[in-house]
1. Select from the range A:141-187 the residues that are assigned to a helix (DSSP H, G or I), surrounded by fewer than 19 Cβ atoms within 10 Å (Cβ to Cβ) and within 12 Å of chain B (Cβ to nearest Cβ) and list them in ascending order.
2. For the range B:76-97: of the residues being in a loop (DSSP other than H, G, I, E, B) and touching a residue at least 40 places away in the same chain (Cβ under 8 Å), which is nearest to B:ASP148 (Cα to Cα)?
3. Can you find even one residue in the range A:188-205 that is more than 22 Å from A:ASN367 (Cβ to Cβ), buried (at least 18 other Cβ atoms within 10 Å of the Cβ), basic (Lys, Arg) and within 22 Å of the chain's Cα centre (by Cα)?
4. I'd like the full set of residues that are surrounded by fewer than 24 Cβ atoms within 10 Å (Cβ to Cβ) and among the hydrophobic types (A, V, I, L, M, F, W, C), limited to the range A:109-135.
5. Filter the range A:297-328 down to the residues that are assigned to a strand (DSSP E or B) and of a type outside the set (A, V, I, L, M), then identify the one that is surrounded by the fewest Cβ atoms within 10 Å (Cβ to Cβ).
6. Go through the range B:36-59 and give me each residue that's over 17 Å from B:LEU125 (Cβ atoms), in contact (Cβ under 8 Å) with a residue 60 or more places away in the chain and at the interface with chain A (Cβ under 8 Å from one of its Cβ atoms).
7. From (1) within 14 Å of another protein chain (Cβ to nearest Cβ); (2) at pLDDT below 95, pick out the condition that doesn't hold for A:LYS275.
8. Give me the pairs: first residue in the range B:13-29 and farther than 14 Å from B:GLY51 by Cβ, second residue hydroxyl-bearing (Ser, Thr, Tyr), beta-carbon distance under 6 Å, and six or more apart or on different chains, which are they?
Amino acid sequence: MLVKKRGYFGKFGGCFVPEVLVPALKELEEAYFSLRKEESFKKELNYYLKNYAGRPTPLYRARNFSRSLGEVKVYLKREDLLHTGAHKLNNTLGQVLLAKKMGKNRIIAETGAGQHGVATATACALLEIECLIYMGEEDVRRQSLNVLRMKTLGAKVKKVKSGSQTLKDAVNEALRDWVTNVKTTFYVLGSVVGPHPYPVMVREFQAVIGREAKKQIIREEKRMPDYLIACVGGGSNSIGLFHPFFKEKTHFIGVEAGGLGLNTTKHAATLVKGKRGILHGALSYLLQDKNGQIRPTYSIAPGLDYPGVGPELSYYKEIKRAKFVSVTDKEALRGFFLLSKTEGIIPALESAHAIAYAKKISSLLQNKLVIINLSGRGDKDMHIIEKYF
Amino acid sequence: MNRIDKTFLDLKKRGEKALITFISSGDPNPLKSEEIVFTLEKAGANIIELGIPFSDPIADGPTIQSSSQRALSENINIKKVFQMVRRIRKRSEIPLILLTYFNPIYQFSPREFILQAKRAGVDGLIIPDLPPEEAKELQVISDKEELDLILLISPNSSKGRIKIISQLSRGFIYVVSVTGITGARKEVPYPIKKVILRIREFTDKPLCLGFGMSTPEQVKVVKDWVEGIIVGSALIKIIEKNLENQNLLKEIEKFVIKLKRPLSSGNKITGEP
């Protein structure tokens, strides 16, 4: 009797789900792997990415910010300029289009900060499909503006009252919904996490970031960058930038949320401080206690506040293809203000982690060519930074 | 012959069906859990499932989620559950099955988990988030140690998967009655009869139906289709309602006797006063 393991990146990944989801994931896998090659699907997705979402996003040479680091040449990949203000829409347009092709009539999604929720609600409004977003009660309170955006776009938002009432619990609740309504419903996962095929599918939808950046940097500089720097929560913006450069000599740096410090429990530095384990369907690094119970996380950046990480990033860590580091809330805030004041670009607090780390290691970056993924814009974070004036 | 096989064989001889009851170890507290196990046995349960709580139980509805939370706040972990099993084993030969998600086992070390569970007197293991594709390595160990790794079939499992799972599952096959999460339901999931008939084409292992089972009326309808019924949330609701009640064990006993009655052959019911 042979049953094959699928969806592994080295030791990481897999499909650790209740039996009831196995047929649904197989259906998704088959649909995705056949559609992604189809010209009509690619054409339709590219049409929306270009004419609706605003791709390609610019690769902007940040001269003032570069100067503040010394002799460094920094380019910013401007995902903050994508419709809805972050890279999330690359993925949701892809998945919702896929759901339509599969004949599903109901979309569910989880959201933490609300960016993925907004991007899902947006794609659902555009493609005219019913949409329900699960969001932890704690997050609903912290991110009320995004709740209003989702509702404005016609989505329903369901408060999750279980567990820590944040992103991981929203994922739990979305999975429970999917288990129950598996025939009619498509689950739009927001990051490169979850059971196979999500990590590879979401990465491919997000790899448009890296493909564009590669073309753009060659056009501008006639060479490959020395460093790519991106923040890592679940990992979708980082792997989206990194993956197309996998075979190049470019160094990858993923910056996690150090929160109040790695010596406290108030952080979300999964790859830096976590251990291997299984959460939400995949084997990857996790923040957990010695009994395997998932630990609550914390970050000033709501989008990084998650105890897991994509299995492909765990694999990059294992094979040492990428280096994973963290910066604290305080450092991230300094990065936030630095970019705002030098370039007139207010970054999302998530992206500010990548900015802050470039500043932190600027002595190492002298005379180097660097691309930082500016994964989102910071308008959504104004109420969080209010108290720092 | 292990305790699970023996139980199904004995029940068959008597023309009875198994009542399998689930509780979270440590809910409402470790001592009480043990007393509950003995009460369940006395009232007529044939097999006991002991849950090891996990912080993120994605296959469980609100009732078992709360139960897991109560157990976690009692600081229950795998070691403590093994100790509990050892204490139960001093007084009882009822088959004991552990149920938990894969991460706690993975952290403990799957090999050590199986070895120590077996040594403590555990008979079987159910891991809801470990489908057969991912269970291979664990199955090699559990087969060697003769601890039954029980697999689940759900109403949407394909014929091909039913075939594979029914061959790989040990002890019995856990048939999930609905596409959904755990939780007491009133209605009888009729389409499941078709699924059960399909499974029968591939195996003569005992089939036990779980998820949503809660009333004697339901049990009456489904009892002829399967070898056993699994009841979790409905029992935990009784625990939940009687957390401070001195009559908790009495309430549990009453509930189990009522559920067991339709599963017994004659009028003689174990444990009835």
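The values are calculated or read from the model by the stated rules, or taken from the named source; none is laboratory data. Computed from a predicted model, the values in this text were never measured in an experiment. Here Cβ is always computed from backbone atoms with ideal geometry, including for glycine, and neighbour counts include all displayed protein chains.
1. A:THR180
2. Per the stated criteria, the residue is B:PRO95.
3. Yes: the range A:188-205 contains one or more residues that are more than 22 Å from A:ASN367 (Cβ to Cβ), buried (at least 18 other Cβ atoms within 10 Å of the Cβ), basic (Lys, Arg) and within 22 Å of the chain's Cα centre (by Cα).
4. Passing the criteria: A:ALA125, A:LEU126, A:LEU127, A:ILE129, A:LEU132.
5. A:LYS323
6. If the condition is that a residue be over 17 Å from B:LEU125 (Cβ atoms), in contact (Cβ under 8 Å) with a residue 60 or more places away in the chain and at the interface with chain A (Cβ under 8 Å from one of its Cβ atoms), then B:ILE58 is the only one that fits.
7. Only one criterion is unmet by A:LYS275, namely (2).
8. B:ARG14/B:SER265; B:GLY15/B:SER265; B:GLU16/B:SER264; B:GLU16/B:SER265
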